[in-house]
Amino acid sequence: MVTIDAGDRTLHGVLYRPVGPGPFPAVLYNHGSAPGMLNQQAFEVLGPVFASRGWVFFAPYRRGQGLSAQAGRYIGDDIADARRRGLWQGCAVVVPLLALVWFGVLRRQRRATRLAAVVALTLCGGFATHVWAQRAGAATMVRLLYTEQFVDQRVAFDWLWRQPFAQAGRIATAGNSFGGIMAVLAAERADYCAAVDAAGGAESWAAAPGLRRLMDGAVRRARVPILFIQAENDYDVSPSYALSGAMREAGKTAAVKIYPRFGQSRAEGHSFAWRGSALWADDVFRFLSEHCGG
C-alpha cells in the first residue's frame, strides 16, 4: 500500500513494479465509481499485466473510495443526494402545473377524457421529474470529477513523478468508466505522455450534456494522444467515437478501438476495461510505446 500526504487528507493506493531497479515507464490508473474496495478486483488483474510488460502500475484511490475511504465523501453518495434534491425540485414544479391543468381545464371535461388526460399527465410528469433528477445528479458528477476528484489524481501524479523507480517523462494515465473520464481530463491538464480512456462516460453520456461538453473541450485541448477502447456491447460506445472525432477535428492525435462483444450483458461489456486485458493489451502497449518511448 502507498500512502500519500495530500495536506488536509491522506490518500492511499496500490503499486505494482516490474522486476529490477528501474527506473521504468509508469501508468497512473484511475478507478471507476464502484464503492468500497470493489476496484481492487480490477487492480489485482491489471497490475500484473502492466508489470509484466515493464511498466509500473500505480492505482491511487480517490477520496471516499477504497483505501482512501476516510479522506472524504464517496462521490456516489454526493451524486445520489443531488438526484434526490433534483427529484424534489422537479416535483415542486411539476405537481403545481398538473394541479393547474386539472382545475383549470380537465375537471370540466367528460369522465373518459379526464381519465385519459390524468394518465397521460401522470406519465409525462413522472418522466419530467426523472429527467430533472438525472440532470441534477449528472451536474454534480461533472463538478466533482473536474474539481476535487481531479485534485486527488493530481496529488497522486505529483507523488509518482518524484519516485526514483518511475521515469518522469514516461508517465501515462489510463482509467475505466469514471476513471476514463479522469484520464481524458488529465490529458488536458497534466504532463502525461499519453492517455487511455476505457469506456469513460459510457453509462451517463446520453443523459449528461454537461459531461459531453466537458470531455469534448478536454480532448480538443489535449496535450497528449489518447486511445479510446470499449467493447461493442458496452452501455454506449458513442463517447469513444465522438471524442476521438473531436480530437482529430482539433488536429490532435487520437485512436479508437471498438472490440467485439464481451460477455452477454452491457455490464459485462463495461467490465471489458479490466476483464478483457488479454484482448486489448497488445494494442494498448503498442500505443503507449509509440507515444511514451520505448
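What's the number of the condition Gln41 fails, among (1) surrounded by 17 or more Cβ atoms within 10 Å (Cβ to Cβ); (2) touching a Phe, Trp or Tyr at 6+ places or on another chain (Cβ under 9 Å); (3) under 24 Å from Leu288 (Cβ atoms)?
Result: Gln41 fails condition (1) only.
Looking at Val284, Val224, Val237, can you tell me which residue is over 16 Å from Ala174 (Cα atoms) and surrounded by 19 or more Cβ atoms within 10 Å (Cβ to Cβ)? Even if it seems obvious, please write down each step before you answer.
On the way: Val284 fails: over 16 Å from Ala174 (Cα atoms); Val224 fails: over 16 Å from Ala174 (Cα atoms).
Criteria check complete, one pass: Val237.
Out of the strands (runs of 3 or more DSSP E) lying entirely within the range 182-294, which hold 1 or more residues that are of a type in the set (Lys, Arg)?
254-259
Exactly one condition in (1) over 26 Å from Leu144 (Cβ atoms); (2) in a helix (DSSP H, G or I); (3) in contact with a helix residue (DSSP H, G or I) (Cβ under 7 Å, 6 or more places away or on another chain) is not met by Gln40; state its number.
Of everything listed in (1) over 26 Å from Leu144 (Cβ atoms); (2) in a helix (DSSP H, G or I); (3) in contact with a helix residue (DSSP H, G or I) (Cβ under 7 Å, 6 or more places away or on another chain), Gln40 misses just condition (1).
Over 16 Å from Leu144 (Cβ atoms) and either at pLDDT 95 or above or surrounded by 14 or more Cβ atoms within 10 Å (Cβ to Cβ) (or both): which single residue out of Arg9, Arg17 fits that description? If you could, list the steps in order and put the result at the bottom.
On the way: Arg9 fails: over 16 Å from Leu144 (Cβ atoms).
The unique qualifying residue is Arg17.
Among the residues of the range 179-201, write down those that are under 13 Å from the mean Cα position of the chain (by Cα) and either at pLDDT below 95 or surrounded by fewer than 21 Cβ atoms within 10 Å (Cβ to Cβ) (or both).
If we filter the range 179-201 for residues that are under 13 Å from the mean Cα position of the chain (by Cα), which is where we start, we get 179-186, 196-201.
Matches in the range 179-201: Gly201 only.
May I ask you to list the residues in the range 8-18 that are in a loop (DSSP other than H, G, I, E, B) and either within 23 Å of the chain's Cα centre (by Cα) or touching a residue at least 12 places away in the same chain (Cβ under 8 Å) (or both)? Show your work before the answer.
Of the residues in the range 8-18, the ones in a loop (DSSP other than H, G, I, E, B) are 8-9, 17-18.
Listed by number, the residues that qualify are Arg9, Arg17, Pro18.
Which residue, of Val56, Val27, is in contact (Cβ under 8 Å) with a residue 60 or more places away in the chain and either surrounded by fewer than 14 Cβ atoms within 10 Å (Cβ to Cβ) or under 23 Å from His270 (Cβ atoms) (or both)?
Values: Val56 fails: either surrounded by fewer than 14 Cβ atoms within 10 Å (Cβ to Cβ) or under 23 Å from His270 (Cβ atoms) (or both).
Among Val56, Val27, only Val27 is in contact (Cβ under 8 Å) with a residue 60 or more places away in the chain and either surrounded by fewer than 14 Cβ atoms within 10 Å (Cβ to Cβ) or under 23 Å from His270 (Cβ atoms) (or both).
Would you mention how many residues in the range 44-53 are buried (at least 23 other Cβ atoms within 10 Å of the Cβ) and either at positive phi or in a loop (DSSP other than H, G, I, E, B) (or both)?
Going through the range 44-53 one residue at a time, the tally reaches 0.
Does Leu279 count as closer than 27 Å to Gly54 by Cβ, surrounded by 23 or more Cβ atoms within 10 Å (Cβ to Cβ) and either over 14 Å from the mean Cα position of the chain (by Cα) or of a type in the set (D, E, K, R) (or both)? First the steps, then the outcome.
Working: closer than 27 Å to Gly54 by Cβ: yes; surrounded by 23 or more Cβ atoms within 10 Å (Cβ to Cβ): no; either over 14 Å from the mean Cα position of the chain (by Cα) or of a type in the set (D, E, K, R) (or both): yes.
It is false that Leu279 is closer than 27 Å to Gly54 by Cβ, surrounded by 23 or more Cβ atoms within 10 Å (Cβ to Cβ) and either over 14 Å from the mean Cα position of the chain (by Cα) or of a type in the set (D, E, K, R) (or both).
Between residues in the range 153-164 that are surrounded by 16 or more Cβ atoms within 10 Å (Cβ to Cβ) and residues that are among the hydrophobic types (A, V, I, L, M, F, W, C) and in a helix (DSSP H, G or I), which pairs lie under 7 Å by C-beta distance while being six or more apart or on different chains?
Close Cβ pairs (under 7 Å, with a partner that is among the hydrophobic types (A, V, I, L, M, F, W, C) and in a helix (DSSP H, G or I)) amount to Gln153/Met182; Gln153/Ala186.
The values are calculated or read from the model by the stated rules, or taken from the named source; none is laboratory data. Just so we're clear, the structure is a prediction, and the values are computed from it rather than from any experiment. All Cβ positions, glycine included, derive from the backbone under ideal geometry; neighbour counts span all protein chains shown.
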